[in-house]
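Comments concern the structure below.
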Amino acid sequence: MSKYIGIFFLNLFIGIILYFVSASLLMTGDNAAEEAINTFGFIIIVFLSFLIAQMYYLIHLVKKK
């Protein structure tokens, strides 16, 4: 199970790095809409990282059978 937790955090770390690098290049200024976009983008990255880790788990579970 620790393997899938590691996959989750690896995907999360890479996703956050890429998101903030691209956000810093594309977005300028401090307004409420930009903060909302950053918040929702971060939430989407967390959910997608979780789904990727679950897909790895399901693939390995099916492979064992």
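Taking the chain as the reference, fit the longest principal axis to its C-alpha atoms, fit the long axis of helix 2-26 to the helix C-alpha atoms, and give the angle between the two in degrees, 0 to 90, nearest 10.
Roughly 20 degrees between the two axes.
Return one whole number: the accessible area per residue of the chain in Å², for a 1.4 Å probe.
On a per-residue basis, 81 Å².
Counting only protein heavy atoms, what percent of the accessible surface of the chain is carbon or sulfur at a 1.4 Å probe?
It is 76 percent, rounded to a whole number.
Does anyone have the angle between helix 32-64 and the longest principal axis of the chain? Alpha-carbon axes, 0 to 90°, nearest 10?
Helix 32-64 sits roughly 10 degrees off the main axis of the chain.
For the chain, what relative contact order do you get, as a whole percent, if you take Cα pairs closer than 8 Å and at least 6 residues apart?
About 58 percent, as a whole number.
Report the Rg/Rh value for the chain, based on alpha-carbon coordinates and the Kirkwood definition of Rh.
Rounded to two decimals, Rg/Rh equals 1.15.
Once you have the Cα-Cα distance between residue 59 and residue 30, take 0.36 nm times their residue separation minus that, and quote the gain in nm to one decimal.
So the extension gain works out to 6.2 nm.
The values are calculated or read from the model by the stated rules, or taken from the named source; none is laboratory data. Every value quoted in this text rests on a predicted model; they were computed, and no experiment measured them. To get the accessible areas, we keep the full protein, side chains included, count just its heavy atoms, and leave off ligands, DNA and RNA. Shrake-Rupley method; radii C 1.70, N 1.55, O 1.52, S 1.80 Å.
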